[in-house]
Amino acid sequence: TLGTQTDYRDGEAQTDPYSPEYIVHSGSIPELLTLATLTWGRGLPAGLEEVEMIDRAREKRAWEASLPPVDSPENTAKRLKMMEEMERKEWAFREQEIEKLQKVRLEVLKKMLRRREENQNKVDVKRLCDHWQNRQKAREEKIRKIRHDCALMLRKLIANRKNMLGKLERRDIIKEYTDFSSQVYAPLSRIGVFPDNNSDFYVVKNFYLNTFTGLCELEQCLPESVMQLKIKAPKPRCTITKTGFIKRSARLEADLAQIHEALLKKKNKVEPKKPTRVLEKVEEPVPKPPTLILEKPSIEEEEIDLAVVCLQKLLRGRAIQNMMFEGKKKRLDLIQELRATHALQEDGQLLLKAEEQRILALQQQHDSQMHKLLSMEKDLATIEGRTLANILDFLSKELLRLQQERKIHALVMLAERQRRMREAEESGRRQVEERRRQEEDEIFRQAREGDWGDWLSRSCLIVGRTIDTYLEDVILSSMERTAEEQAREEVQKRAVEINDIAYEMESRRTRLQSEEIVAELVYDFLIPEAEKSSMRERGKES
């Protein structure tokens, strides 16, 4: 409720200007809608080019409104003539635009060439500077080497000059130790002496500092006050709250106390006088001129002076007023023109506002129409997708149904064949039993009549026939059973082979073949149904 703090400036958080919604009345086309392509940063705020474009668009609309209607040959010829003239003007304007663009491109190309030349010159200058620096470094290195060789040769010559006769001299130890620049104290490395080689010889080696046991013994010898430090927290100079914060009043008091102490130190500081080494001449100050004393004027003179000053102000003001009136009279036409222009600008602003409202209304209407079209397209797409999904589902189910129907048809054929074979067996058995029953009845009838000889002969014949029929039945039943088993095995083998072939064809089937199968199914199922429905409709109509 008091204020906010941000890491960003207003310029960094500024977005594009807000463009409010608008409503366009029916039958009106606002001029502002023609400028919808201009956005912030791309034509807005409008410059000279945008203003010229708006003027050209207005002139073109006015020209289109002034075109005569196409209702007579004269108006048609006049319209064609005006359109040709307008086309020439547009081509001329386009040529001017192309020339301007070419000029701008030429200027850009010149700037790019100039910049490229400058960059190339910079690169050349940098290369020359690098080459010059490398040559300078090589020159300095060569000079340093020459000087080093010169100093070496000079030292050799000086050493040879000291002992020109080549006599052997003994070593003067006293002289070497008295001279601190001798090789005893500062030996030369070129002779082969390196003083840093035995630097570890003077390092202090202590048992209590270099080993762990020595450190433990050293800790045991030290008192506890050395090992366990007690740190006292400093008392705050200012009053602190319970939460640990310093109040603003206490902080201000502390700052004021520091400033007061600094002022007291600066005030009480006494600078020590420096002793004068040389007598200095003290110049006497220049005597001041006598102060002028003006006589006090009388009251009458003061009144006269004030009256004169007031009169001067009046005259000057009247003269300036007269100059302003003269200038106003000279430029009265210009002032009236400016006032009329300002009034026209206000009317134009009102018209622009009305045009803007109309354009906003048109844009809102267009958005609502686009929304309706999009929703309609979405609904149509959903309906089409649902219909296609239902059709494809129906076709896939029909394909599965056909496959199952083929399998069931094969099983039905097997069952029908088995049923017929069993019916044939049963009919044969019934016929044999009927024949046997008739023979037994005949035997029984003849036995009752008393013709035993004939009966015995016939009974023997019947027994032989029954044995033959029994053997025939056994042989036929065994033959039928074996034939049935062989037929079942062959049918099962054929069914397995057909299934393998069908599965292999399905696995090798391409998208084109599947589409052909679907097309055949559609042709076999949908087209006859459509023909039936059309025939029914024709019958109803007739």
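The values are calculated or read from the model by the stated rules, or taken from the named source; none is laboratory data. Fair warning: this is a prediction, and the values are worked out from it, not measured in the lab. Cβ coordinates were reconstructed from backbone atoms using ideal geometry, including for glycine residues, and neighbour counts include every protein chain displayed. Accessible surface is based on the protein model in full, side chains and every heavy atom, while ligands, DNA and RNA are left aside. Shrake-Rupley method; radii C 1.70, N 1.55, O 1.52, S 1.80 Å.
Using just the helices of the chain, give the 222 nm mean residue ellipticity in deg cm²/dmol: DSSP H runs with n ≥ 4 each add -39,500 (n - 2.57), and the total is spread over all residues, rounded to 500. Before the final figure, lay out each step's value.
Details: 12 runs with 396 residues, N = 542.
Dividing the helical sum by the residues of the chain leaves -26500 deg cm²/dmol.
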Quick calc, Leu352 & Leu332: beta-carbon distance into FRET formula, R0 35 Å, rounding 0.05, result 0.70
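Please quote Rg/Rh for the range 146-193 to two decimal places, taking the Kirkwood radius as Rh and restricting both calculations to Cα atoms. Let's see the in-between values first.
Details: Rg = 13.2 Å, Rh = 12.8 Å.
When Rh is taken as the Kirkwood radius, the ratio is 1.03.
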Cα atoms only, the range 122-257: Rg and Dmax in Å? 34.7, 97
Overall Cα dimensions of the range 346-448, principal axis frame, Å, largest first: 147, 23, 6
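If R₀ is 56 angstrom, what is the calculated FRET efficiency for the pair Glu472 and Val496, using the beta carbon separation as r and rounding to 0.05?
Details: r = 36 Å, r/R0 = 0.64.
Working from the Cβ atoms, E equals 0.95.
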Centroid-to-centroid separation of the range 296-360 and the range 77-101 [C-alpha atoms, Å]: 49 Å
In whole Å, what three semi-axes, largest first, describe the equivalent ellipsoid of the chain built from its Cα gyration tensor (square root of 5 times each eigenvalue)? 118, 74, 39
Separation between the Glu107 and Leu380 pseudo-spin-labels, each 7 Å from Cα along Cα→Cβ, expressed in nm? 5.2 nm
Working from the pairwise distances between different alpha carbons, so that the mean of 1/r is found and then inverted, what is the range 25-178's Kirkwood radius in Å? 26.2 Å
One finds the C-alpha centres of the range 503-542 and the range 361-423 to be spaced, in Å, by 12 Å
Of all stretches in the chain that avoid chymotrypsin sites (Phe, Trp or Tyr not before Pro) placed in a DSSP loop and having at most 16 other Cβ atoms within 10 Å, the longest is 246-542
Which value in nm describes the separation of the simple spin-label points at Ala415 and Ile320, placed 7 Å from the Cα toward the beta carbon? 12.6 nm
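Using r as the Cβ-Cβ distance of Ala62 and Met370, and R0 as 45 Å, what FRET efficiency do you calculate, to the nearest 0.05?
Values: r = 31 Å, r/R0 = 0.68.
The pair Ala62/Met370 has a calculated efficiency of 0.90.
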Heavy-atom accessible area ranking, 1.4 Å probe, most first, across Glu169, Glu506: Glu169, Glu506
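Taking the range 281-340, which trypsin sites (Lys or Arg not before Pro) meet the DSSP loop condition and have no more than 16 other C-beta atoms within 10 Å? Kindly include the intermediate steps, with their values, before the conclusion.
On the way: sites: Lys281, Lys313, Arg316, Arg318, Lys328, Lys329, Lys330, Arg331, Arg339; in loops: Lys281, Arg331.
Answer by residue number: Lys281, Arg331.
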Spin-label model distance (nm) - Glu95 vs Glu253, 7 Å beyond Cα toward Cβ: 9.1 nm
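Run the numbers on the range 101-257 and let me know its relative contact order in percent, using alpha-carbon pairs under 8 Å that are six or more apart.
Numbers: 27 pairs, mean separation 8.3, N = 157.
Relative contact order comes out at 5 percent.
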If the cut-off is 24 Å between C-alpha atoms, which lysines fall inside it for Lys167, apart from same-chain ones fewer than 8 positions away? Lys156, Lys175
Where the Cα atoms of the range 464-542 are projected onto their three principal axes, how long is each span, largest first, in whole Å? 78, 46, 7
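Near Cys129, within a Cβ-to-Cβ distance under 13 Å, what is the net charge of the other residues, with Lys and Arg +1 and Asp and Glu -1?
Neighbourhood net charge equals +3.
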For Met376, what accessible area in Å² do you get when you roll a 1.4 Å probe over the heavy atoms of the protein chains, rounding to the nearest 10? 110 Å²
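For the range 67-156, what ratio Rg/Rh do Cα atoms give with a Kirkwood hydrodynamic radius?
Details: Rg = 37.6 Å, Rh = 20.7 Å.
Rounded to two decimals, Rg/Rh equals 1.82.
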